[in-house]
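Enquirer: Below is one structure. I have some questions about it.
The values are calculated or read from the model by the stated rules, or taken from the named source; none is laboratory data. Keep in mind the model is a prediction, meaning the values are calculated, not measured. Note: ideal-geometry Cβ built from the backbone for every residue, glycine included; neighbour counts use all protein chains shown.
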Amino acid sequence: MTGAVSISVVVPAFRAAHLLPRVLAPLMAMHRRGEVDEVIVVDDVSPDDTATIASDLGARVIVMDRNGGPGAARNRAAEEAKGDVLWFVDSDVIAWEDGAEKVRAAFADPEVAAVFGSYDSTPDGQHWFSRYKNLMHRFYHQRAERDAHTFWAGCGAVRKDVFRQIGGFDIETYRVPSIEDIELGYRIRRTGGRIVVDPTLLGKHLKVWTPKNAIHTDIFRRALPWSRLMISREGVHNDLNTSHGEKVKALIAGMLILSLLALPFMPGLWPVTFSLLALALIANAAFVRFMFSNGGLGFAILTFFYHQVYYVYSAAAFAWCLFEYHVLGVKNRLHVP
């Protein structure tokens, strides 16, 4: 494809009435300036006023026949979108004003099939844990290699012809919001498409995380399905939070947690625990500096220690999937109900 590309913004929405005035404001401004061809809100059979508010704000509204999740909503929009490029923006993400410019610049390269960005540094949720979750996402995307193996649909765009060619999001395997965007990225790469990360393509995340919903999402909607996908089909790439360095950090975290648990029963183990703590700090120095710069010393300490726990349960999920695949013989358990 050569020349300027036309962009259709796609916002899948469910119970998003309270979010849409903020989310649609910059997108409709881009539309008025002629930077995007249309803004499509796909109402996934919301019980609130999502469709009405989206229409009142000037968006083109598509109402799903039945609730099917964001993947199905995006697939439906792709059938009717006018643009050459589908720019997916989640209903809890406020895209920055220069987003369309960033998307168009990425697709000026005809080899680029998809591009995705990052959360900004000022998420809505101000509790330390919610800020940690959103900033952790930013940390990995800001430091990622420019060429990616996966895709992120929270603020990411794909050429419509490529999206249609590979069949869109897999909504049979991933019936709830999960890793359908990651899996889409693997298929884009398999067909020879290039996926780039633009760390300046930014959006503010409005989601407020709690330990309960974060751990459930991390394990059952991310770690387990992603591990099964990598083990059974794709292999483990040196990319984002599955890089070789992250594997080493997870190993250190596991040994550190085990030594801390053993310490009350084996007090003489404290030199080992202290050494492992120092090693974990060294290995995670960039992460600690990043959290310190975004929240100060107390925030950096809290996030560092929780991050070790995150490594442990994520690695445990991967280990379980290896056992499941090689020992139990469960070869194709990819379905996420």
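Enquirer: Out of the residues in region 1-19 that are at pLDDT 95 or above and either assigned to a helix (DSSP H, G or I) or hydroxyl-bearing (S, T, Y) (or both), which is nearest to N67 (Cα to Cα)?
Expert: If we take residues in region 1-19 being at pLDDT 95 or above and either assigned to a helix (DSSP H, G or I) or hydroxyl-bearing (S, T, Y) (or both), then S8 is nearest to N67 (Cα to Cα).
Enquirer: Another question, then. Please go through region 46-87 and pick out each residue that is among the β-branched types (V, I, T) and within 18 Å of V162 (Cβ to Cβ).
Expert: Passing the criteria: only V85.
Enquirer: Give me a count of the residues in region 266-294 that are surrounded by 17 or more Cβ atoms within 10 Å (Cβ to Cβ), more than 14 Å from L251 (Cβ to Cβ) and small (G, A, S).
Expert: Within region 266-294, residues that are surrounded by 17 or more Cβ atoms within 10 Å (Cβ to Cβ), more than 14 Å from L251 (Cβ to Cβ) and small (G, A, S) number 0.
Enquirer: Please go through region 151-177 and pick out each residue that is among the hydroxyl-bearing types (S, T, Y) and at pLDDT 95 or above.
Expert: Correct list: empty.
Enquirer: Can you name the number of the only condition in (1) touching a strand residue (DSSP E or B) at 6+ places or on another chain (Cβ under 9 Å); (2) surrounded by fewer than 17 Cβ atoms within 10 Å (Cβ to Cβ); (3) of a type outside the set (D, E, K, R); (4) not assigned by TED's automatic domain parsing to the domain that holds V23 that P225 fails?
Expert: Unmet for P225, out of (1) touching a strand residue (DSSP E or B) at 6+ places or on another chain (Cβ under 9 Å); (2) surrounded by fewer than 17 Cβ atoms within 10 Å (Cβ to Cβ); (3) of a type outside the set (D, E, K, R); (4) not assigned by TED's automatic domain parsing to the domain that holds V23: (2).
Enquirer: Having 2 or more residues that are more than 17 Å from the chain's Cα centre (by Cα) is the bar; report the helices (runs of 4 or more DSSP H) wholly within region 166-248 that clear it.
Expert: 180-190, 211-216
Enquirer: Next question. In region 120-137, which residues are of a type outside the set (A, V, I, L, M, F, W, C), within 23 Å of K249 (Cα to Cα) and either touching a Leu at 6+ places or on another chain (Cβ under 9 Å) or not assigned by TED's automatic domain parsing to the domain that holds G154 (or both)?
Expert: Y132
Enquirer: Determine which member of the set R187, R233 is buried (at least 16 other Cβ atoms within 10 Å of the Cβ), of a type in the set (K, R) and over 14 Å from R74 (Cβ atoms).
Expert: Just a single option satisfies the conditions, and that option is R187.
Enquirer: State whether one or more residues within region 20-42 are at pLDDT 95 or above, in a strand (DSSP E or B) and over 17 Å from C155 (Cβ atoms).
Expert: Yes, that holds for at least one residue.
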